[in-house]
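*Asks:* Starting off with a structure, shown below.
The values are calculated or read from the model by the stated rules, or taken from the named source; none is laboratory data. Just so you know, these numbers come straight off a predicted model, no measurement behind them. Here the Cβ is made from the backbone with ideal geometry for all residues, glycine too, and neighbour counts use every protein chain on show. Calculation scope for accessible area: heavy atoms of the full protein, side chains included, ligands and nucleic acids excluded. Shrake-Rupley method; radii C 1.70, N 1.55, O 1.52, S 1.80 Å.
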Amino acid sequence: MIRFRAARREDVGRIVALLADDPLGAARETADPESYLTAFDRMAEAPGLFLIVGEIGGRVVATYQLAILPGLSLRAATRALVEAVRVDSALRSQGIGAALMADAEARARAAGASLIQLTTHRSRERAHRFYERLGFTASHIGYKRSMD
């Protein structure tokens, strides 16, 4: 049974390993642990930002980031943005992702969000099908631009 909880600083190494556990992540994550620890500390101080891990038997096997975003559009709706969703590759297709997204939705509702949104890389076709099965629609086109 998976249990979700707030990430702790000592989870950062395992979270980074999950982020790097696919071809896209392997190409963009680095082995610099200090930068990730600094980022974790900044995230921990940010209101409305949550880094969550899922663990089975005390081992971190999944992670996601949840941001609660108050806004004026959609009748002043509060949105929840889900990012960096990862499940250990050895445990995919076992219901962990669905449990993870249910946890994200419950946390978003508890924070007053009336809309939950996410982005996923265009190449992640399995992820697209997964999110569609959960009731998400590909209603928008997202754009990103590196500022490096």
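*Asks:* Across segment 90-107, what is the number of residues that are over 15 Å from the mean Cα position of the chain (by Cα), at negative phi and either polar (S, T, N, Q) or open to solvent by less than 30 Å² (accessible area, probe 1.4 Å) (or both)?
*Replies:* So the answer is 1.
*Asks:* In segment 95-116, is there at least one residue being part of a strand (DSSP E or B) and among the aliphatic types (A, V, I, L, M)?
*Replies:* Checked segment 95-116: at least one residue is part of a strand (DSSP E or B) and among the aliphatic types (A, V, I, L, M).
*Asks:* Can you tell me which condition ALA108 does not meet? The list is (1) over 19 Å from ILE2 (Cβ atoms); (2) in contact (Cβ under 8 Å) with a residue 40 or more places away in the chain; (3) of a type in the set (A, V, I, L, M), and all the others hold.
*Replies:* All conditions are met except number (1).
*Asks:* Within the bounds of segment 113-129, is there any residue that is more than 15 Å from VAL85 (Cα to Cα) and open to solvent by less than 50 Å² (accessible area, probe 1.4 Å)?
*Replies:* Yes: segment 113-129 contains one or more residues that are more than 15 Å from VAL85 (Cα to Cα) and open to solvent by less than 50 Å² (accessible area, probe 1.4 Å).
*Asks:* I would also like to ask the following. Looking at ALA84, is it on the phi > 0 side of the Ramachandran plot and either touching a residue at least 12 places away in the same chain (Cβ under 8 Å) or not hydroxyl-bearing (Ser, Thr, Tyr) (or both)?
*Replies:* Here the answer is yes, as ALA84 does meet what is asked.
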